[in-house]
Amino acid sequence: MNLPELVKNCKRIGISGHENPDGDCAGSCCGTALYLRKIFPDAQVDVYLEPMQECLERNIPGSDTILHDVTGNEERYDAFIILDSTPERIGAAEILYKEAAVKINIDHHRTNPGTAGAHCFIDGHASSACELVYDLIAKEQIDADIAKALYVGMVTDTGVFQYSNTAESTMHAAGHLMSYGFDHSSVIREVFFERTYRQAKVLGTALAQSELALDGKYIFCCFDAETLRKLGAERKDLDGISAQLLLTEGADCSVFFHESEPGVWRASMRSVLITDVSRAASLFGGGGHVHAAGCTIRTEIGAAMKAVREEIEGQLRNAGVI
């Protein structure tokens with residue numbers, strides 16, 4: 001895919017990513033926007049995302065230009081780019097994508113089937129959407145801001161380069177981005193390790209209320225709306241809980257369920273070696289990667305939790321570990 005060629009005659013370009021944006025989603029969106037604004041200074045480039053964690057806002061250049069409301073934007077975009085997602089997961093911005101003359105989808109989720117009528121660049125083996133953007137842009141046009149935005153996404157989606165999606169190409173790309181001189185150590189500390197006091201309390205509660213099952217291979221936790229209210233927790237305070245649960249010795253899979261609105265639940269899933277959590281997420285129309293996936297659940301939560309457990313149990317039994 002030649003991204004500049006696809007949008008070179010476009011006066012208005014829209015960009016968006018998935019709901020509840022993480023570092024890779026926000027970093028790839030902002031990095032792409034910064035790049036396009038640089039090479040096409042006369043074009044209007046707008047990014048639409050939901051609010052993100054403050055640590056991401058501080059560390060991702062261009063995040064101060066993000067738009068949160070699509071209303072009032074009646075003029076059609078010449079091109080619209082979806083990063084790190086599929087159209088149905090970008091919220092209210094989906095209508096802007098559907099109405100755009102040129103549709104582009106760049107993603108590293110293997111469950112993304114591509115969109116009819118769109119220019120798709122989907123690689124399920126890539127570490128992150130940010131690595132895909134890095135591959136698509138002219139290296140001579142990268143500057144410190146673009147580099148930092150893309151580096152944030154690589155750091156967060158690889159777990160500081162510890163997850164199995166980290167490849168030699170990832171390390172080469174990250175090393176090149178580091179050469180632009182931003183404080184990469186500070187980025188790692190702030191976007192991956194640091195927590196607010198409230199986030200630390202929420203995580204502590206999740207660990208305390210978690211349960212082990214399937215001979216210790218499965219660990220899970222579920223927060224209903226009342227639990228979240230008592231903790232004073234917002235959605236952004238829940239990021240990373242499933243990954244922390246998975247650090248439990250002997251666990252191969254973790255799932256964190258929480259009630260996002262009355263009767264609607266979200267599940268964040270992680271695994272180490274055996275469990276393909278994208279299969280569990282697909283039970284409810286979700287998706288992701290083999291070792292990191294998620295979904296939105298609109299059925300009765302007890303039955304949903306049972307279905308997720310049975311899927312995980314089946315995989316572990318087939319592997320002969322339980």
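A short reminder: the numbers here are calculations on the coordinates, not readings from a lab. Since we're looking at a predicted model, the values are computed, not measured. Here Cβ is always computed from backbone atoms with ideal geometry, including for glycine, and neighbour counts include all displayed protein chains.
Points to keep in mind about this one:
- In terms of surrounding Cβ atoms within a 10 Å radius of their Cβ, Cys221, Cys120, Cys30 rank from fewest to most as Cys120, Cys221, Cys30.
- Computed over the chain, the range of Cα coordinates on each principal axis works out to 58, 40, 39 Å, biggest value leading.
- Cα-based equivalent ellipsoid, the range 87-180: semi-axes from gyration tensor eigenvalues, Å: 25, 16, 12
- Here Lys306 is the anchor, and the lysines within straight C-alpha reach of less than 25 Å, apart from those fewer than 8 places off in the same chain, are Lys217.
- Pairs of alpha carbons in the range 24-166 whose separation is greater than 23 Å (percent): 31
- Candidate cross-link partners of Lys201 among the lysines, defined by an alpha-carbon separation under 19 Å and a same-chain spacing of 8 or more, comprise Lys230, Lys236.
- Rg/Rh, computed from the Cα trace of the range 1-91 with Rh as the Kirkwood radius, has the value 0.94.
- Kirkwood Rh, angstrom, the range 50-112 [1 / mean 1/r, Cα pairs]: 13.2
- Comparing Gly181, Gly240, Gly62 in a Gaussian network model of the chain where C-alpha atoms under 10 Å apart are linked, the largest mean-square fluctuation is found at Gly181.
- When all alpha carbon pairs of the range 197-318 are counted in 10 Å bins from zero, the resulting P(r) reads 14, 50, 32, 4, 0 %.
- Straight-line reach from Lys38: taking Cα to Cα under 23 Å and skipping same-chain neighbours fewer than 8 places apart, the lysines in range are Lys8, Lys11, Lys103, Lys139, Lys148.
- Exposed-loop-free span, longest in the chain, where GluC sites (Glu not before Pro) count as exposed if DSSP calls them loop and at most 13 other C-beta atoms lie within 10 Å: 76-193
- Note on the range 187-253: Rg/Rh from C-alpha atoms, Kirkwood Rh, equals 0.99.
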